[in-house]
Each structure stands twice: as structure tokens, then as C-alpha cells.
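Only one structure is covered here, and it is reproduced in the block below.
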Amino acid sequence: MRIAQVQSWPEGPRYVRVDDLPAPSKSQIQLRVLATGAHQVVRSRASGQHYSARELPQTVGVDCVGKDDTTGQLYYFFTLQGGTFAERINAEKSVIYPLPGDIDPISFAASVNPAMSSWMAITHRTNNLPKDFTAVIIGATSASGRLAVCSAKALGAGKVIGIGRNAAALETVGGLDDYVVLQDPVVETDFSKVRDGDLVLDYVYGDATVHLLSSLSRSKKMVQYVEIGSLAQRTAEIPGHLLRSFDLTIRGAGAGSWSISALQEQLHVLVPTMSRWKLLSARSVPLKDIEAAWNDESLLSEGRLVFVP
């Protein structure tokens, strides 16, 4: 069997031959891997920088779309134990999620990981959002931001407003009810459209965050802000008086703020919900070409990358 394996952190993944898998145990099912995503967490693990990957050799990958050849059923599979960049995997039945037969494996493999960020932010890092709440997404044109629109609508948002730097790109984000274009400098941005937001999901961070929070209505009963990513800046200077001037809750969302078991539980809801969404487009690359493709800037610039055994 062929897999992508990291044998040295600086070298990255190599396409190697290993022994065929043993027969699955009673608690497992064997899946033929159809598509597996090169997400940021996958790259972090492959470089030895992620807390879940410290030992070598390491089979690359944390999730995939696979097929049970016995029944023809498609499944989504996720694990931080790694090992999905392979022709076949033995997956625990408790962490596989059935998919409809007409799903596009490549788009689905590209989309679940970025969708997790907003789904887990809303389900595990907010409290008592009002009915038909207004969600504001900073960084709405990113892959995760686009799917955050879908997550917010699926989880009860009555209105979703996107924020980004490119007006043309914002117009292509499906499901937005309105948008705000960031100006340069950011302090010149008019945030009046989002003054009454109930929830802010932030993939950008930095100056845009501070200016937005400063623009929110002080008459709101509560505003909940969740930091998910730092596409623009890693730090933000939030004035103390801003934290005291209205009921503002600030949280972060990531694998340290919620548990993997909580994510696995939510995937039972997220996966079937996502099967009805318009998913991300992605570039597929044969797994055998991983050594050349892994650091190919021309491929990385095209968006989501999915490897196909």
C-alpha cells in the first residue's frame, strides 16, 4: 500500500510503500480513501509544529472522504491521530459519518475542516444568542469565512453581514445579507451597518477588530465576540474603556477551547448539514505527486488543495 509519510520534519511528506493494512477489528471499518485535504493543521502536523504530532515517522492527514467497497457507502472520517494520506485506512466506526452517494468527495474533503471553525465557535463559544441573531463575519471572503455564513444561518442567524477588503469578492459570498468593505486605513471604514450585531466571528484580527468593536452599539444587551483566526495581525490593542463601556464578551475558538470529543459529537450534526451546502471548490492532486506538489506555490495560490490516492 502507498502512503504519504513524514520521516524527517524538514523534508516534508514522501510517497512511500508500506505493508498492506490488517483486517479491521470489530470496532473498525476499512475505507478506500477518495480524497483527503491538505489543511493548515495537516501542514502544521507534517512540520512537527502541532501539539498532536511529535513522533516520527508520521502518516500525513487528519480527515478524508472514503468509501466502504463492501457496501458502496461514502463516509467522512476525522482523527487527530493522523494517517489519512493513504490508499486505505482502518477507521473506528464511532468517528465515521455517512455521506449521500451524490456528494463530491473533493469538495467535501476540502470544506469540512474550515467549516469546523465557525460551527464550533457558535456551538461551544457562545451563550444564549437571541432568536434570529445578527452575525458579523470579519474575513468573510476567506474559505472559512465563506462557510461561516452557512454555519451561522444553519445555527439560527437571521442576518449575516460580511466584512472584507475586496468588494467584488464579497459579492460572491453566498448567503450574505449585507457587507462592509474595509478601507485603508481601517479607521476610515464605516461600520454603521453592523452596529446592532449580536455575534462577531473574526478571522482577521488586529486593527479591524478594534475599530469594529469600538463601533458597536452601546445599547445592546450583550455582544459576543469570538476570535478564530489572525489573517491580518496577531495582536490587537483593545482599549480598557471599551471593555467597560458595554456588555461585551470576548472569547477565542480553537482546539484548545473545545475538546476533540465535543467536535466528534458535533460532526454528527455538521456533516449531514454540510451535505446540503454549496461547498468550496478545490484543486485535486494525485497523492503520488505529493513530493512535488507539497510546496508548489502555484498550487497553494489556487485555494484549497486535496490529494487523491
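Just a few scattered comments:
- Odd one out for T71, checked against (1) within 12 Å of V42 (Cα to Cα); (2) surrounded by fewer than 16 Cβ atoms within 10 Å (Cβ to Cβ): (1)
- Filter result for the condition that a residue is out of contact with any Lys or Arg (no Cβ under 6 Å at 6 or more places or on another chain), closer than 16 Å to Y225 by Cβ and either crowded, with 24+ Cβ neighbours inside 10 Å or charged (D, E, K, R) (or both), over V200, V210: V200
- Residue within the range 14-37 that is of a type in the set (G, A, S), in the same structural domain as D104 (by TED's automatic domain parsing) and in a strand (DSSP E or B) present: yes
- Checklist (1) touching a Leu at 6+ places or on another chain (Cβ under 6 Å); (2) more than 30 Å from T79 (Cβ to Cβ) applied to Y203, failing item: (2)
- Condition check for G175: more than 21 Å from M120 (Cβ to Cβ) and within 19 Å of the chain's Cα centre (by Cα): no
- For L243, the criteria (1) touching a helix residue (DSSP H, G or I) at 6+ places or on another chain (Cβ under 6 Å); (2) within 25 Å of V204 (Cβ to Cβ) hold in every case but one, which is (1).
- Filter pass, R304 being more than 30 Å from M222 (Cβ to Cβ) and touching a helix residue (DSSP H, G or I) at 6+ places or on another chain (Cβ under 6 Å): yes
- Flag if Y75 is touching a Phe, Trp or Tyr at 6+ places or on another chain (Cβ under 7 Å), of a type in the set (F, W, Y) and not assigned by TED's automatic domain parsing to the domain that holds I137: yes
The values are calculated or read from the model by the stated rules, or taken from the named source; none is laboratory data. All of these numbers come straight from a predicted model, not from anything done at the bench. Please note: Cβ atoms are built from the backbone with ideal geometry, for glycine as well, and neighbour counts cover all protein chains shown.
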